[in-house]
Amino acid sequence: MKEFAYRIEDMTKGYYVVVTFEADNETVKEFDRLMRINSNIVRYMIIKQDEN
């Protein structure tokens with residue numbers, strides 16, 4: 001468990017997780033929807049990575 005750089009919704013500690021995956025646009029939209037409705041997830045960010 002890591003200490004957050006700043007307080008988020010009265011929380012000061014949590015886990016940072018990085019996930020890399022390949023998916024089509026509809027799957028990414030569903031993943032985004034699930035992240036928004038899960039109360040255990042404080043913050044998240046989805047980034048499109050350029051192909052090398």
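Any read-out appearing in this document is the output of simple, stated calculations on the displayed coordinates, not a laboratory observation. No experiment lies behind these values; they were computed from the predicted model shown. FYI the Cβ positions are ideal-geometry reconstructions off the backbone, even for glycines, and counts take in every protein chain you see.
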Excluding residues fewer than 8 positions from K29 in its own chain, the lysines with Cα under 19 Å of it are K48
Can you give me the long-range amide H partners of F4? Hydrogens built in the peptide plane at 1.01 Å from N, cutoff under 5 Å, separation of 5 or more residues or another chain. K13, G14
Most positive-pole-ward Cα, F4, V19, I46, against dipole of the chain from beta carbon charges: F4
Round to the nearest 10 and give me the degree value, 0 to 90, for the angle of helix 25-37's Cα axis relative to the longest principal axis of the chain. 20 degrees
Could you tell me which GluC sites (Glu not before Pro) in the chain are loop residues by DSSP with no more than 12 other beta carbons within 10 angstrom of their beta carbon? E9, E22, E51
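Going through the chain, which chymotrypsin sites (Phe, Trp or Tyr not before Pro) have at most 15 other Cβ atoms within 10 Å and a DSSP loop state? Before the final figure, lay out the partial values.
Details: sites: F4, Y6, Y15, Y16, F21, F31, Y44; in loops: Y15, Y16, F21, Y44.
For chymotrypsin sites (Phe, Trp or Tyr not before Pro) across the chain that sit outside H, G, I, E and B with at most 15 neighbouring Cβ atoms in 10 Å, the list reads Y15, Y16, F21, Y44.
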Label-point gap, in nm, between N25 and D10 - each point 7 angstrom along Cα→Cβ: 4.1 nm
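Calculate for the chain the 222 nm mean residue ellipticity that helices alone would give, adding -39,500 (n - 2.57) per DSSP H run of length 4 or more and normalising by residue count, nearest 500 deg cm²/dmol. Before the final figure, lay out each step's value.
Values: 1 runs with 13 residues, N = 52.
For the chain, the value works out to -8000 deg cm²/dmol.
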Might you report the magnitude of the Cβ-based charge dipole of the chain about its Cα centre, with Lys and Arg at +1 and Asp and Glu at -1, to the nearest 20 debye? 360 debye
Binning every alpha carbon pair distance of the chain at 10 Å from zero, what are the percents per bin? 19, 46, 27, 8, 0
